[in-house]
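Any read-out appearing in this document is the output of simple, stated calculations on the displayed coordinates, not a laboratory observation. Keep in mind that what you see is a predicted model, and the values were worked out from it rather than measured. All Cβ positions, even for glycine, are placed from backbone atoms using ideal geometry, and neighbour counts span all protein chains on display.
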Amino acid sequence: MIKLHQQTFGTGKSIVLVHGWAMHSGIWHDFAMQLAQYYQVTCIDLPGHGHSDNLDNFTLEQVADALVDAVADEQSCWLGWSLGANVVVDIARRYPERVNSLVLLAGNPHFTCTEQWPGMKVDLLEAFAEQLALDAPATLLRFLSLQVAQLPDYKVLLKNLKAVIMARAIPNIDALQGGLAILKYADLRSALAEAQMPILVLLGTRDILVPIAVAEAIKALAPAIQMVVIDKAGHVPFLSHPQIVLETITNFMDAPCH
């Protein structure tokens with residue numbers, strides 16, 4: 001069993017925060033401190049990211065298995081952001097006894113677009129994969145800028161994102177390529193539609209990576225899902241609109257169905 005770096009704050013209902021591609025759990029710090037006023041919040045580094053050990057094979061199933069093995073709580077709300085959203089849906093699919101609810105933050109169960117499903121263009125993901133091999137730091141910075149583009153406080157948010165990223169070593173390259181492969185190939189739409197636990201999805205109207213059309217597509221796929229669209233938010237709504245995200249999650253967590 002590989003060792004994954006994690007920190008837990010607060011007491012109460014358990015929430016596990018799973019970060020996105022190329023990030024680490026430090027991205028959650030301020031938001032986690034706010035959530036921890038109400039709940040027990042665990043922030044965990046994905047394998048090969050932050051302070052966590054590497055996986056021999058960074059696949060969706062291997063990553064999900066490693067997280068489930070690492071987190072002690074029997075049942076939790078699993079909150080996944082971006083790539084993390086794919087991971088927590090897979091955990092809910094294969095380990096439903098460990099999941100009492102899901103929160104998907106700027107996530108898409110089928111991250112790349114097709115004629116029938118909105119998403120990110122495949123050629124853009126493939127370009128990231130090619131550029132990673134040539135210049136990983138520059139590729140990561142380009143990805144960061146896409147996450148906050150079109151937001152009024154773009155420069156401040158980008159500066160904060162850069163500071164967080166640089167606080168720990170660049171993730172393992174194999175893990176980064178594996179993460180891009182998950183985003184390119186994983187299709188968790190049926191898993192999302194068949195999930196039996198309460199699910200909250202939060203999307204931003206200015207998210208370049210997860211287009212807002214995903215909101216209607218998910219609602220058509222699984223009408224029971226609670227969908228919240230945040231006006232003028234991009235791909236990091238917990239940084240740009242923390243109060244709205246916090247209030248939405250607390251309302252969801254404290255609803256009678258939990």
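Placing pseudo-labels 7 Å out from each Cα toward the beta carbon at E216 and Y95 gives an inter-label distance of 3.7 nm.
Let me know the shape class of the stretch 119-252, please: from the alpha-carbon gyration tensor, a ≥ b ≥ c as square roots of the eigenvalues, rounded when a/c is under 1.5, otherwise prolate if a/b is greater than b/c, or oblate. Show your work: numbers first, answer last.
Numbers: a/c = 1.98, a/b = 1.31, b/c = 1.51.
Here the stretch 119-252 falls in the oblate category.
The gain in end-to-end length when the T59 to M197 segment is fully stretched comes to 47.3 nm, 0.36 nm per residue minus the alpha carbon separation. Applying the Kirkwood pairwise sum to the alpha-carbon positions of the stretch 48-159 produces a hydrodynamic radius of 16.1 angstrom. Other residues lying with their Cβ under 13 Å from the Cβ of S76 contribute a combined charge of -1, Lys and Arg counting +1, Asp and Glu -1.
Determine the dipole magnitude for the stretch 6-253: charges of +1 sit on the beta-carbon of Lys and Arg, -1 on that of Asp and Glu, nothing else is charged, the reference point is the Cα centre, and the result goes in debye to the nearest 20.
Working: 15 positive and 24 negative charges, 139 e Å.
Here the stretch 6-253 has a charge dipole of around 660 debye.
Reducing the stretch 23-86 and the stretch 1-21 to their Cα centroids gives an inter-centroid distance of 5 Å. Taking label points 7 Å from Cα along the Cα-to-Cβ direction, D30 and K159 give a separation of 1.2 nm. For K121, list the aspartates and glutamates whose Cα falls under 14 Å from its own Cα; do not include residues on the same chain fewer than 8 positions away. Result set, ordered by chain and number: D207. Here the sum of -39500 (n - 2.57) over DSSP H runs of 4 or more residues, divided by the residues of the chain, equals -13000 deg cm²/dmol at 222 nm, to the nearest 500. Loop exposure criterion: trypsin sites (Lys or Arg not before Pro), DSSP state outside H, G, I, E and B, at most 13 other Cβ atoms within 10 Å. Applied to the chain, the longest stretch between such sites is 4-120.
By its C-alpha gyration tensor, with a ≥ b ≥ c as the square roots of the eigenvalues, how is the stretch 194-258 shaped: rounded for a/c under 1.5, else prolate for a/b larger than b/c, else oblate? Don't jump to the answer; show the numbers that get you there.
Details: a/c = 2.78, a/b = 1.18, b/c = 2.35.
Cα axes put the stretch 194-258 in the oblate bin.
Gain on full extension, evaluated as 0.36 nm per residue between L124 and A138 minus their Cα-Cα distance, stands at 3.5 nm. Along the positive direction of the dipole of the stretch 197-254 (beta-carbon charges: Lys, Arg +1; Asp, Glu -1; about the Cα centre), which of I244, L209, A224 reaches farthest? Checking the options against the dipole of the stretch 197-254, the answer is L209. Built from the Cα atoms of the stretch 6-253, the convex hull projects on average onto 11.7 nm², one quarter of its surface area.
Projecting the Cα atoms of V99, F128, Q34 onto the charge dipole of the chain, computed from C-beta unit charges around the Cα centre, puts Q34 farthest toward the positive end. Within the stretch 6-253, antiparallel bridges make up roughly 15 percent of the DSSP beta bridges whose residues both belong there.
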